Amino acid sequence: MTRYSVDPNRHELIATWGTGEGDLATRITALPADAAGATLLRLAGALTRLSEAAWRTYTHPASAAGSLEPDTEGWRREQERDTFSEVAEAVAAPNLPHGGLLTVSYSPLLESAHQAGRALHALDQPELTKAVLAETVSELTAVESAELGNLTGRAQQAVLLSREDASPVQVAAADHLLEQNPFGSLALFSDVDPTAAAVAAAHWLAAAAEVAADASGHDATAVLLEADSIEDLPHQTPTLVLELLDAGHTPHDAVTGLVRHALHIADGLLPDPAGLREQLEDLDGALDDYPDDYADDEESDPEDTGLRLTPLDPRRPARDLLEDLLAGIHGCWVLHTEFDDLDEEHLGTDDADPATADPDDAHLDDERAEQHRHRSRENFARLVRETAARHRDRLL
């Protein structure tokens, strides 16, 4: 979301937002030097809350709620999104106290607009009101652009947000980036909505797992467990995604389901009480098995059995998932290298006599190892591209 601040030295209203690579700032307008500081801060705070409410309609779209029947969560989200057309009027002509009473909107977005309008009313500066109205339109337009999959300009801040749904336009953009580099690139984090990028990454992880499975003889859902024995990997979440795909879920459903679950946890909700009951039963068994004799053993702490309500970081679930899926693709390559029978002859390897070895041979060995690593990654990437292309329908 965009944050609004008051520069007390320059007497300016400033907006800042993240881009995935750093934050940008822009000057909105000059502020009256003789205005009460508390009123200016109320204005900035109201605009920040307005932005937060507007972007929540992006991260929590009605389409991801299932039902749009009256009084359902989807219906309430749809109602909130429809208030975009009323925001400018609320800023320009806000609800004001009358007879000791004040009408408060149930809509977080509209109420934030009314609060900003009341601050502007108190300041009574027509030019300031005009500038804030233009800024409000810019912010809502950025949200609308992100909904359409266009993350340019101010809409780029969407790359820092976790969304319960994924734009087909953004999924296609992420898929194109992964086709160029199946191991992932910085552009996946700076140019693409992270939920959409994770959907595409799940498809490419499945292709990488199939390649590693074919080479190693292990089941595709078990390759990351095997790779973890070679190199430490965050294997649990990508393995869960592979299991969901193996069970028939699409990459879209697997990813958005995990992100939605984590967002609900972040909102203080418990989306899966039955699943929690199973976890608690498993925890009871683990505690029953915990030996009393080790109660004081620092290496055997019963707190290690604590529950995780979500496998993702609830503060940034989509980006966390994307990072884990890319780590999973890397893990598939790690396992694949154990069975990669690349022809080494043209790398110049030979059986040199150690007694006559040149001191520079160690340097040459390092070069050959790096050449082998490069060729292995290129060969693995080629196989993954071919496999991903055969299963392109997974992303449709």
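The values are calculated or read from the model by the stated rules, or taken from the named source; none is laboratory data. In this text, all values refer to a predicted model and were calculated from it rather than measured experimentally. When we count neighbours, we look across all protein chains shown, and the Cβ atoms used for this are built from the backbone with ideal geometry, even at glycine. Surface areas here come from the heavy atoms of the whole protein model, side chains and all, with no ligands, DNA or RNA. Shrake-Rupley method; radii C 1.70, N 1.55, O 1.52, S 1.80 Å.
Given Cβ point charges of +1 (Lys, Arg) and -1 (Asp, Glu) and nothing else, what value in debye, to the nearest 20, does the dipole of the chain about its Cα centre take?
Values: 28 positive and 77 negative charges, 764 e Å.
Its charge dipole is roughly 3660 debye.
Given a Förster distance of 30 angstrom, what is the FRET efficiency for SER85 paired with ASP267, based on the Cβ-Cβ distance and rounded to 0.05?
About 0.70, to the nearest 0.05.
Treat every Asp and Glu Cβ in the stretch 51-143 as -1 and every Lys and Arg Cβ as +1, leave all other atoms uncharged, and give the resulting dipole magnitude about the Cα centre to the nearest 20 debye.
120 debye
Please work out how much length the chain gains when fully extended from ASN181 to ASP340, using 0.36 nm per residue of separation minus the C-alpha to C-alpha distance, in nm with one decimal.
55.3 nm
Relative to the first principal axis of the alpha-carbon coordinates of the chain, what is the inclination of helix 273-289, with its axis defined by its Cα atoms, in degrees from 0 to 90 and to the nearest 10?
Relative to the chain, helix 273-289 is tipped by roughly 50 degrees.
With the crude spin-label approximation of a point 7 Å out along Cα→Cβ, what separation in nm comes out for GLU127 versus ASP393?
In this crude label model, GLU127 to ASP393 measures out at 6.4 nm.
Taking the Cα atoms only, what angle lies between the long axis of helix 236-246 and the longest principal axis of the chain, rounded to 10 degrees?
Around 90 degrees separate the two axes.
Given 0.36 nm per residue, what is the gain on full extension from ASN379 to SER190 after removing their alpha carbon distance, in nm?
Taking 0.36 nm per residue and subtracting the Cα distance, the gain is 65.3 nm.
How do 116-123, 312-319 rank on mean C-beta neighbours within 10 Å, highest first?
Working: 116-123: 22.0, 312-319: 20.4.
In decreasing order of mean packing, 116-123, 312-319 become 116-123, 312-319.
Per residue, how large is the accessible surface of the chain? Use a 1.4 angstrom probe and give square angstrom.
Solvent-accessible surface per residue comes out at 53 Å².
Please list ASP246, ASP82 from largest to smallest accessible area, probe radius 1.4 Å, with all protein chains kept in place.
Result of the area sort, largest leading: ASP246, ASP82.
Which one, LEU188, HIS391, ALA212, projects farthest toward the positive side of the charge dipole computed for the chain from Cβ point charges (K/R +1, D/E -1)?
Final value for the positive-end residue is LEU188.
Tell me, what is the Rg over Rh of the stretch 106-159, with Rh the Kirkwood radius over Cα pairs?
Here Rg/Rh amounts to 1.08.
Gain in length, GLU144 to ALA93, computed as 0.36 nm per residue apart minus the alpha-carbon separation, to one decimal in nm?
Numbers: separation 51, 0.36 × 51 = 18.36 nm, distance 2.35 nm.
Using 0.36 nm per residue and subtracting the Cα-Cα distance, I get 16.0 nm.
Residues with beta-carbon under 11 Å from that of PRO311, excluding PRO311: net charge, scoring Lys, Arg +1 and Asp, Glu -1? Display every interim value, and only then the final one.
Numbers: positive: ARG308; negative: ASP313, ASP320, ASP324.
Around PRO311, the surrounding residues sum to -2.
Measure off, as a whole percent, the carbon and sulfur share of the 1.4 Å-probe accessible area of the chain, all protein chains present.
50 percent
Beyond 37 Å, how much of the Cα-Cα pair distribution for the chain remains, as a whole percent?
Value for the chain: 41 percent of Cα pairs lie more than 37 Å apart.
Given the protein chains as shown and a 1.4 Å probe, how many square angstrom of TRP55 are accessible, to the nearest 10?
Taking all protein chains as shown, TRP55 has close to 10 Å².
For the chain, what does the helix formula give at 222 nm: sum of -39500 (n - 2.57) over DSSP H segments with n ≥ 4, over the residue count, nearest 500 deg cm²/dmol?
-18000 deg cm²/dmol, from helical runs alone.
For ASP34 and LEU68, FRET efficiency with R0 = 51 Å and r from the beta-carbon atoms, rounded to 0.05?
Working: r = 50 Å, r/R0 = 0.97.
With R0 = 51 Å, the Cβ-Cβ based efficiency is 0.55.
Give me the angle, in degrees from 0 to 90, between the Cα long axis of helix 73-82 and the longest principal axis of the Cα atoms of the chain, rounded to the nearest 10.
Between helix and principal axis, roughly 60 degrees.
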